[in-house]
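Colleague: Dropping the structure in here first, questions after.
The values are calculated or read from the model by the stated rules, or taken from the named source; none is laboratory data. Model, not experiment: these values are computed from the prediction. With ideal geometry, Cβ positions are generated from the backbone for all residues, glycine too; neighbour counts draw on all protein chains shown. Surface accessibility is based on the protein's heavy atoms, side chains included, excluding ligands, DNA and RNA. Shrake-Rupley method; radii C 1.70, N 1.55, O 1.52, S 1.80 Å.
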Amino acid sequence: ISSSLALLLPGRMGSLKSGLLSGVVTGVLFLGVEISVGTPSLFTLKTESIAVIATTLLFPMLENVAMPLLARGMGRSAALERARVWLDEVGLGDRGEHRSGELSGGEQQRVSLARALVTEPQMLLADEPTGDLDGKTAEVVFGLIQKLHREHGLSSVLVTHNLEFAGRCDRMLRLRNGKLV
């Protein structure tokens, strides 16, 4: 999967779409590194070059977005400042002190997107980024992913059941029983 490519992976439940993102599916090249279980370069690639959208939001939103930077050893004030920039980028700059329960599902997903991108990765992996959202909110979140993909030169791999988004990606691959078809 090359840089600056928006790739959509639709498929039925059980086709191992999520397995591809977690590294269970092997033999796929991500940014020139072949995925295979136990490969040290895969761990480095995942921690330094790839961001995965995760919706676990335990702290106030500003701290949530800053967490990957703090885990990498960035100073607290610098991490919080960069987190503010990314919350602004996803349209939630005024919600930094709010907690998860105070945000809508779409806002939580946008915070998760900011958290994934705060480290400025080369690749974004999104497993059903709009799956739990109503149609209008899903459209907003998908549009934001597209915008950030273009503006930041990301490679983006989106796993979804939503075929309406397929026409807006550069490429669509299908998985069947863990194999690209």
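Colleague: If we keep just the residues of the range 118-127 that are of a type in the set (A, V, I, L, M, F, W, C) and modelled with pLDDT under 90, which is nearest to Val141 (Cα to Cα)? Outline the logic, then answer.
Modeller: Step one: of the range 118-127, the residues of a type in the set (A, V, I, L, M, F, W, C) are 118, 123-126.
Restricting the remaining residues to those that are modelled with pLDDT under 90 gives 123-126.
Working: Met123: 17, Leu124: 14, Leu125: 14, Ala126: 11 Å.
Across the range 118-127, the extreme among qualifying residues is Ala126.
Colleague: Of everything in the range 154-164, what is of a type in the set (A, V, I, L, M, F, W, C) and either open to solvent by less than 10 Å² (accessible area, probe 1.4 Å) or not in a helix (DSSP H, G or I) (or both)? Give them in sequence order. Give the steps one after another, and end with the answer.
Modeller: First pass over the range 154-164, keeping only residues of a type in the set (A, V, I, L, M, F, W, C): 154, 157-159, 163.
Listed by number, the residues that qualify are Leu154, Val157, Leu158, Val159.
Colleague: Select from the range 98-107 the residues that are part of a helix (DSSP H, G or I) and open to solvent by 50 Å² or more (accessible area, probe 1.4 Å) and write down the one among them that is modelled with the highest pLDDT. Spell out the reasoning first.
Modeller: Taking the range 98-107 and keeping what is part of a helix (DSSP H, G or I), we get 100-102, 105-107.
Now restrict to residues that are open to solvent by 50 Å² or more (accessible area, probe 1.4 Å): 101-102.
Working: Gly101: 86, Glu102: 91.
Result: Glu102.
Colleague: What pairs come up if the first residue lies in the range 168-181 and is on the phi < 0 side of the Ramachandran plot, the second is modelled with pLDDT of 70 or more and charged (D, E, K, R), and their beta carbons are under 6 Å apart, counting only those six or more places apart or on different chains?
Modeller: As it stands, the answer is Val181/Arg174, since those pairs meet every condition given.
Colleague: Let me ask something additional. Going through the range 39-97 one residue at a time, which ones are surrounded by 14 or more Cβ atoms within 10 Å (Cβ to Cβ), farther than 23 Å from Ser155 by Cβ and either of a type in the set (Ser, Thr, Tyr) or at pLDDT below 60 (or both)?
Modeller: None; the set is empty.
Colleague: Of the residues Glu139, Glu151, Glu120, which single one is surrounded by fewer than 17 Cβ atoms within 10 Å (Cβ to Cβ) and outside any helix (DSSP H, G or I)? Give the steps one after another, and end with the answer.
Modeller: Details: Glu139 fails: outside any helix (DSSP H, G or I); Glu151 fails: outside any helix (DSSP H, G or I).
Of the residues listed, the single one that is surrounded by fewer than 17 Cβ atoms within 10 Å (Cβ to Cβ) and outside any helix (DSSP H, G or I) is Glu120.
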